[in-house]
Amino acid sequence: MAHADLVLLAVPEQAALDAVAPLAALMRPGALLADTLSVKSRMARRLRTTAPALQAVGLNPMFAPSLPLPGRPVAAVTVTGGPAARAFLGLVAGWGGRVVELDPAEHDTLTAVQQAATHAAVLSFGLALAELRPGMTALRASAPPPHRTLLMLLARIASGSPEVYWDVQAGNPHADAARRALGRGLERIGRAVAEGDEDAFEDLVEEVRGALGDQHRDELAQACARLFADLA
C-alpha cells in the first residue's frame, strides 16, 4: 500500500468507509484512492476529513457488469483532484467509457432518480402483475411495445441479485423522496380519472412534457421509436 500509485476500493460502503483511515496512514501523499460506491456523499465527507493528503475519485459505472464499457456512462466524483486523478479518469475515457463528472451531492440526487425511482417503478409494476395474475402467454403474445419493454426490464431485475437492488433503495439518502414522488404521481393520475377530470389529466401530461423539455423529449421519443422498431 505504501508504494501504490492507486488503491481501488470495490467493496461495500461500510467496509470502504472503515478503510479510509488506515489507508490514509499507509499510502504516500499524492497517491490516488478510488472507489466504486453507488453513494458518494458519505465517502466524500470521510475522505475530506480523514485523508486530505490523498487524491480521491469515486466512480459509478452506470451499467451492469455484464455489459461492455465502450460508449457507456461512468459517473465520476473527484473529491480531491490532481494529476493522478486526471490520469485515472483519462484511462477510463481511453478504454471507451463516457466519463460524466459530478459533485457528490449531485451524484446522489441523480442516482436516486436514475436507479432508486426506476427500480421501484419497475418492481411496483411487477407487484401489480403478481396481484392481477394475467395469463403470461397471452400477455406476451399480445403485448404492445411499451408493455413488452416493461416486461423485459422486470425480467432483468427479477433475474438479478435482490441485494444489489436493496442497496440502491436503502443506501441512497434521497431514495425515499424518489419513491414518495412515484406514489404521489400514481395518486394524482388516479384522482384525475376517478373524478372524470380529463382537463386535469391533460395538465398532468403537460407537466411531464415541461419536465422533459422540448429538445430532450424529441430526442428521447425518437430513440424510443428506434427501440420499438427493433422489437420483434
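If you count only protein heavy atoms with a 1.4 Å probe, what accessible area per residue comes out for the stretch 137-210, rounded to a whole Å²? Don't skip to the answer; put the middle values down first.
Values: 5360 Å² over 74 residues.
Per-residue value: 72 Å².
For the stretch 102-232, what class follows from the C-alpha gyration tensor (a ≥ b ≥ c being the square roots of its eigenvalues): rounded when a/c is under 1.5, otherwise prolate if a/b is larger than b/c, else oblate? Don't skip to the answer; put the middle values down first.
Working: a/c = 1.28, a/b = 1.05, b/c = 1.22.
Rounded, because the longest to shortest axis ratio a/c is under 1.5.
Take His107, His147, His3, His174 and sort them by solvent-accessible surface of the protein heavy atoms, 1.4 Å probe, largest at the top. Please report the intermediate quantities before stating the final value.
Working: His107 0, His147 45, His3 170, His174 75 Å².
The residues order as His3, His174, His147, His107, largest area first.
Give me the distance in nm between label points sitting 7 Å out from Cα along the Cα-to-Cβ direction at Met1 and Leu212, one decimal.
It works out to 5.0 nm between the two label points.
Ordering Met136, Met62 by how much accessible area each has at a 1.4 Å probe, largest first, what is the list?
Values: Met136 85, Met62 55 Å².
So the residues, ranked largest to smallest area, are Met136, Met62.
For the residue pair Ala177 and Glu131, what label-to-label distance in nm results when each label sits 7 Å from Cα along the Cα-to-beta-carbon direction?
2.7 nm
Can you tell me the orientation of helix 198-212 relative to the chain, as the angle in degrees between its alpha-carbon axis and the longest Cα principal axis, to the nearest 10?
Between helix and principal axis, roughly 30 degrees.
Please determine, in degrees from 0 to 90 and to the nearest 10, the orientation of helix 214-230 with respect to the longest principal axis defined by the Cα atoms of the chain, where the helix direction is its Cα long axis.
Between the helix axis and the principal axis of the chain, the angle is about 80 degrees.
With everything on Cα atoms, drop me the angle between helix 13-26 and the longest principal axis of the chain, reported from 0 to 90° to the nearest 10.
In the chain, helix 13-26 runs at an angle near 20 degrees to the longest axis.
The values are calculated or read from the model by the stated rules, or taken from the named source; none is laboratory data. Bear in mind the structure is a predicted one, so any value in this text is a computation, not a measurement. Neighbour counts are summed over all protein chains in view; Cβ atoms, including those assigned to glycine, are modelled from backbone coordinates with ideal geometry. Ligands, DNA and RNA are stripped out before the accessible areas are found, and what is left, the full protein with its side chains, is counted by its heavy atoms. Shrake-Rupley method; radii C 1.70, N 1.55, O 1.52, S 1.80 Å.
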